[in-house]
1. Pop out the ³J(HN,Hα) list for region 51-67 in order, Karplus 6.51 cos²θ - 1.76 cosθ + 1.60 with θ = phi - 60°, rounded to Hz; leave Gly and Pro as x.
2. What angle do you read, to the nearest 10 degrees and between 0 and 90, between the alpha-carbon axis of helix 178-190 and the longest principal axis of the chain?
3. Excluding the sites themselves, what is the longest stretch of the chain that contains no trypsin sites (Lys or Arg not before Pro) in a DSSP loop with at most 16 other C-beta atoms within 10 Å?
4. Round to the nearest 10 and give me the degree value, 0 to 90, for the angle of helix 89-101's Cα axis relative to the longest principal axis of the chain.
5. Using Cα centres only, tell me the gap between region 146-223 and region 44-78 in whole Å.
6. Taking the Cβ of THR17 as the center, what net charge do the other residues with Cβ under 15 Å away carry, scoring Lys and Arg +1 and Asp and Glu -1?
7. Go through (i) 7, 29, 27, 18, 12, 6, 1, 0; (ii) 7, 25, 24, 22, 15, 6, 1, 0; (iii) 7, 25, 26, 18, 15, 7, 1, 0 and flag the label whose value is the computed P(r) over Cα pairs in 10 Å bins from 0, in percent for this structure.
8. As I understand it, the value is the acute angle between the Cα axis of helix 156-174 and the longest principal axis of the Cα atoms of the chain; what does it come to in degrees, rounded to 10?
Amino acid sequence: MSQRAYLPVVLNMQERTALVVGSGPAAADKAAYLADFGIHPAVLVEPEEAVNEGLQALADAGQAELQRATYAPSHLDGQALVIIATGDRARDRAIAGEARTRGAIVNVVDDPDACDVFAVGYVRRGPVAVAVSTGGRSPAFTAALREHLDDALGPEIEDHLEHYVRWRERVRAAVSGFGSRERLWRELRAAGLYKVLLRDGPEAAGRLVDAAIARHQSDGSAS
């Protein structure tokens, strides 16, 4: 596997479509991965192939759409993301090339050198998602680290997020200018805001936020 630079990003798939090509366990895993984030993938299955039970369950639950058809490049038209899991490397790479010519982002299962993106390991707590990736170098380590994070992150993470959302609104209402707000948040991180929240609770952390707001307002009025 070649050494490449990969940029970790969060991809907006709202009003965009995704296609999974394949019928086996790998295709089922990738379709479930998409469905867990609210994406309703189409899954292209060759007419003669048996459908994996997990894949059929997703379709029965309305979380994926099974399309029984012989693959043709036209199936790729309009797809923002294409995940290829036929199990035939040469065929997978050929489909990947055709998908790229149509502007799709491509993931080829178990072939990292043919991928534009990887389906990372992740832990979700409501709207909070923590992703883990090794750039495709070791899926086993990705899985081990994901399990470690799953044990470490409790449901209180969602409450922590809500505190930060409220603090963000207070800061936006009280401090004008993007640059000023960014400086304020850098100061709060340096002051250990999250550690204060964990150790002393939201009231103590909120006082830290209020003090930072007051300081920035004072600095602004002085200038």
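1. Here the 3J(HN,Hα) series is 9, 4, 4, x, 5, 5, 5, 4, 5, 5, 7, x, 9, 8, 10, 7, 10 Hz.
2. Taking Cα atoms only, the helix is inclined about 80 degrees.
3. Looking at the chain, 138-223 is the longest stretch - no exposed trypsin sites (Lys or Arg not before Pro) with at most 16 other Cβ atoms within 10 Å.
4. The answer is roughly 60 degrees.
5. Answer, in whole Å: 45.
6. 0
7. Among (i) 7, 29, 27, 18, 12, 6, 1, 0; (ii) 7, 25, 24, 22, 15, 6, 1, 0; (iii) 7, 25, 26, 18, 15, 7, 1, 0, the one calculated here is (iii).
8. Roughly 60 degrees between the two axes.
Quick note: the coordinates plus some simple rules give every number you see, no bench work behind them. Please read these numbers as outputs of a predicted model, since none were measured by experiment. Glycine also receives a Cβ, built like all others from the backbone with ideal geometry; neighbour counts cover every protein chain displayed.
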